[in-house]
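A short write-up of the structure that comes next.
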Amino acid sequence: MAKVRPFKGLRPTAELAPTVSSRPYDVLSSQEAYDECLGNEKSLYHIIKPEINFDPIADEHDPKVYDKAVEQFAKFQREGWLRQDAKPVYYLYAQTMEGRTQYGLVVAASVEDYLSGVIKKHELTRADKEEDRMKHVRCLNANMEPVFFAFEDNETLMSIIAKTAKKPSACKFTSAEGFGHEFWLIDDEADIQAVTAGFDALPALYIADGHHRTAAAARVGEEKAKNDPHHTGDEEYNYFLAVCFPASQLKIMDYNRVVKDLNGLTDEQFLSALAENFEVEKKGAEIYHPTRLHNFALYLSGSWYSLTAKPGTYDDDDPIGVLDVTISSNLILDRILGIKDLRRDKRIDFVGGLRGLGNLKERVDNGEMRVALALYPVSMAQLIAIADSGNIMPPKTTWFEPKLRSGLVVHKLED
């Protein structure tokens, strides 16, 4: 049973929402954030990437950077760029990309649920990134950015979503990337109770995106509980900011690979090595997209190839072994190209599907990379099956778009 509750969110006005809100902290560099909000003192980047407030841009891990985040957060509240709602409510957040809309319920999710496994993960976290987000949550005493959860479709929650989406929204705008964003308050007491009950009927929530933010928020909550002699479990720090989407509405995009060299092999030797475990078919110069599970697209020396894993090279009964990212990691990147550690090897880079396969071709054609590999996207059913089994996906497996907009609502850890 998933435990959530409403909260008194801090929000910009409808007029300020496009100005204040931003892309997530981890999808762009400090310089890109600086450039994106140049001349905009109201951008949330001043809080979530506070290193941009220094000239030159400071080291993001410098203690003075966290102090600047606190200073900026206070300024945003003092100036009225973020204003707190008068009573605890839930929210509904709709995102539209390429004609497809997904609706997420914005809730305060339970730290206890994360620690007990009701909130399920499918990726490992890196200690350094987790520590950075912990410091950020701790010093601001707030969750500035939401995490992205999925839940298996629930009739009560789907009904509330449909009902709310028919009402006038609190804000609506299109971001610079061309994505639509719309935000509603769920402030009717009966609807609030229905949302709480609907989540209570769910056996689990699944982290779709934001494993580091989730782990950091939960650790800060756990830390505060241990340091509070009057802890009851009802304090606001026992909860953190999450947007929860019905799994049926979500689409995972492909997450592709580019590699700098062929590990000393010629094109012919590389293709011959691939033929041991794959049916290799040359497709020519026109971009080729993988057509199904276990089919890959390879770009090498101006030509695209279809690679289809041969029977016996994967295990359909193994939730990890059946993944194309596992097949390609084991049989191509490791066995042939000698890449053992996807997280640390500097010879490999990863390209989210939003950039398209043309980006893979470009990076090979310009000489930056030697070969590109495109994968068929993982499904939500696969993600849920892996999380339910307690397994962890290989690195760089899932890419969700559109990303959650940060700054549409903030959750303070003290009421």
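If you plug the beta carbon distance of Thr266 and Thr101 into 1/(1 + (r/R0)^6) with R0 = 41 Å, you get a FRET efficiency near 0.25. Each Lys or Arg adds one and each Asp or Glu takes one away; over the other residues whose Cβ falls under 10 Å from the Cβ of Asn256, this sums to +1.
With unit charges on the beta carbon (Lys/Arg positive, Asp/Glu negative), name the residue among Thr96, Ala372, Trp304 whose Cα is farthest towards the positive pole of the charge dipole of the chain. Farthest towards the positive end: Thr96.
Stretch Val27-Thr13 to full length: gain in nm at 0.36 nm per residue minus the Cα-Cα span? Please report the intermediate quantities before stating the final value.
On the way: separation 14, 0.36 × 14 = 5.04 nm, distance 2.49 nm.
So the chain would gain 2.5 nm between Val27 and Thr13.
Taking the Cα atoms only, what angle lies between the long axis of helix 155-165 and the longest principal axis of the chain, rounded to 10 degrees? The two axes meet at around 70 degrees.
Sorted from longest to shortest, the spans of the Cα atoms of segment 334-415 along the three principal axes equal 54, 32, 24 Å.
Between the C-alpha center of segment 246-309 and that of segment 128-151 there is a gap of 36 Å. Compared with the dominant principal axis of the Cα atoms in the chain, helix 380-389 is inclined by about 80°. Each label was represented as a point 7 Å from its Cα along the Cα-to-Cβ direction; for Ser303 and Arg138 these points are 5.6 nm apart. Per residue, the chain exposes an accessible area of 43 Å² to a 1.4 Å probe, with every protein chain left in place. Given the choices (1) 21.5, 78; (2) 51.7, 211; (3) 22.5, 69, Rg and Dmax of the Cα atoms in Å derived from the coordinates of this structure is entry (3).
When a 1.4 Å probe is rolled over the protein heavy atoms, the share of accessible surface on the chain that falls to carbon and sulfur comes to 47 percent. Seen against the Cα atoms of the chain and their longest principal axis, helix 211-227 is set at about 40 degrees.
The values are calculated or read from the model by the stated rules, or taken from the named source; none is laboratory data. Please read these numbers as outputs of a predicted model, since none were measured by experiment. With ideal geometry, Cβ positions are generated from the backbone for all residues, glycine too; neighbour counts draw on all protein chains shown. Keep in mind that these areas ignore ligands, DNA and RNA; they rest on the heavy atoms of the full protein, side chains included. Shrake-Rupley method; radii C 1.70, N 1.55, O 1.52, S 1.80 Å.
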